[in-house]
Amino acid sequence: MQYRVNPKNGDRLSVLGYGCMRFSRTAGVAVNQKKTEEELSLALSLGVNYFDTAYLYPGSEAALGKFLSKGHRKDVFVATKLPFRQCKKPEDFEKLFSEQKERLQTDYIDYYMVHMLGDIASWKRLVSLGIVEWAESKKASGEIRQFGFSYHGGTAEFKELIDAYDWDFCQIQINYFDAHTQAGIAGMKYAAEKGLPVFVMEPLRGGSLVNLPKRAAKVFSDADSTRTPVEQAFRWLWNFEEVTVVLSGMNSVSQVEENCASADSAKAGLLSDAELAVFDKVCSVLNEEIRVPCTSCGYCMPCPHGVDIPSCFSAYNIRCTQGWFSGMLAYVTCTSLKEKPAAASSCVNCGLCERKCPQGILIRDYLDEVKTMMEGRIYRMALPVVKKFLER
């Protein structure tokens, strides 16, 4: 196992982190504790020392807590997340945090983050409730060692959030296909330049980079038949010195073994120009199925009416290439759960974005298409339910 040092505090962290959202479940409901602990134990024995969970992952904190209580707490760094939409008054921070410590059977959290912080307006609301003072007091008492945030959304708002507070770390979605969407390489480098360790989630884009279309898979196999698409995806991320930890939601012994084996040689700067060109070629194949030719450059932003145009198009493209569920999940997460809705339906057809688009994209037409395809009856029925779940 390779390790990288957190520049903020000197923690020596495994380059492969254990994402605890996808624990195996019995009959699809309760966490399969026995199987989960076997996989966690194996990962720990192979050098993984960073475990990431969240309040909103059903049963995950409690399952990890049972594992930690068996003498493992001192061996690992625990990360979990605050469901900030449930925080309506100042005392909610402490109430939720206490519950999380109880679930995890620990009296401190190594890496605590605001979960899915999507825009600056949401952060300002939390600031008005006193989150800065609360977090600083927890850091002073040692109950929180590092305070950060996880993020889904565009590069511009990510940079705004980075600048809004003296964070200890950040967690973003990035992979070779999302190099220029979400926070992207630009956001990753911006955070690193500020001295923040960068933790990466969705390295396999929810599994879509595992079972690639045949033409894309052939590009990889023609270049190097000894490596799987999974290993290639991890190698691309570990090639960046700015990446501190890459999370993987492992839920089988074989996945743990394969990913840990890949992490044994995970060093920055190992990929040659020829190897990097292979990733570009794979992306070109995948991009042929994309509906909107948006590069997420951000020149169209900010929209005066709040539409997150790049995220709308990114989610729509995901729907077209990976299926309805993946696209809708991205759409709801990146546009509809913000303090101020940023979905395509907020467009008033002013046309300002089109005058700034260097690609000459007919943005308004595409936004109307996104609205029709993404904000149908199921979306309208499901969105209040999702919001209620996040705020319960």
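Bear in mind these aren't lab numbers, they're just calculated from the coordinates by the rules spelled out. Here the structure is a predicted model, which is why all the values come from computation and not from measurement. Note: ideal-geometry Cβ built from the backbone for every residue, glycine included; neighbour counts use all protein chains shown.
Shape annotation for the chain: C-alpha extents along the principal axes are 59, 55, 44 Å, from largest to smallest. When the Cα atoms of the stretch 88-138 are aligned to their principal axes, the ranges along those axes come out at 33, 20, 18 Å in descending order. Structural size metrics of the stretch 252-306, computed from C-alpha coordinates, are Rg and Dmax of 18.1, 50 Å. Rg/Rh, computed from the Cα trace of the stretch 244-351 with Rh as the Kirkwood radius, has the value 1.07. When the Cα convex hull of the stretch 227-284 is projected onto planes of every orientation, the mean area is 4.3 nm². For the set 35/267; 138/194; 124/387; 35/66, the pairs lying more than 21 angstrom apart at their alpha carbons are 35/267; 138/194. Kirkwood radius and radius of gyration were both taken over the C-alpha atoms of the stretch 185-251, and their ratio Rg/Rh is 1.04.
Pick out which of 139, 214, 35 has the largest mean-square fluctuation in a Gaussian network model of the chain, springs linking Cα atoms closer than 10 Å. Among 139, 214, 35, the largest mean-square fluctuation in the Gaussian network model of the chain belongs to 214.
Taking the charge dipole of the chain about its Cα centre, with +1 at Lys and Arg Cβ atoms and -1 at Asp and Glu Cβ atoms, the residue from 199, 221, 326 reaching farthest to the positive side is 326. When the chain is treated as a Gaussian network with alpha carbon springs shorter than 10 Å, the biggest mean-square fluctuation among 117, 104, 129 belongs to 129.
Based on alpha carbons, the Rg and Dmax found for the stretch 188-324 are 16.5, 50 Å. Just so you know, the averaged projected area of the alpha carbon convex hull for the stretch 1-100 sits at 7.5 nm². What the Kirkwood sum gives for the stretch 54-175 is a hydrodynamic radius of 14.9 Å, with every pair of different alpha carbons counted.
For the stretch 360-380 and the stretch 31-100, what is the separation of their C-alpha centers, rounded to whole Å? Taking the Cα centre of each part, the stretch 360-380 and the stretch 31-100 sit 38 Å apart.
For the stretch 96-246, the Stokes-Einstein estimate of translational diffusion at 4 °C and a viscosity of 1.567 mPa s comes to 76 µm²/s, using the Kirkwood hydrodynamic radius over alpha-carbon pairs.
The eigenvalues of the Cα gyration tensor, multiplied by 5 and square-rooted, give the stretch 311-392 an equivalent ellipsoid with semi-axes of 23, 15, 11 Å from largest to smallest.
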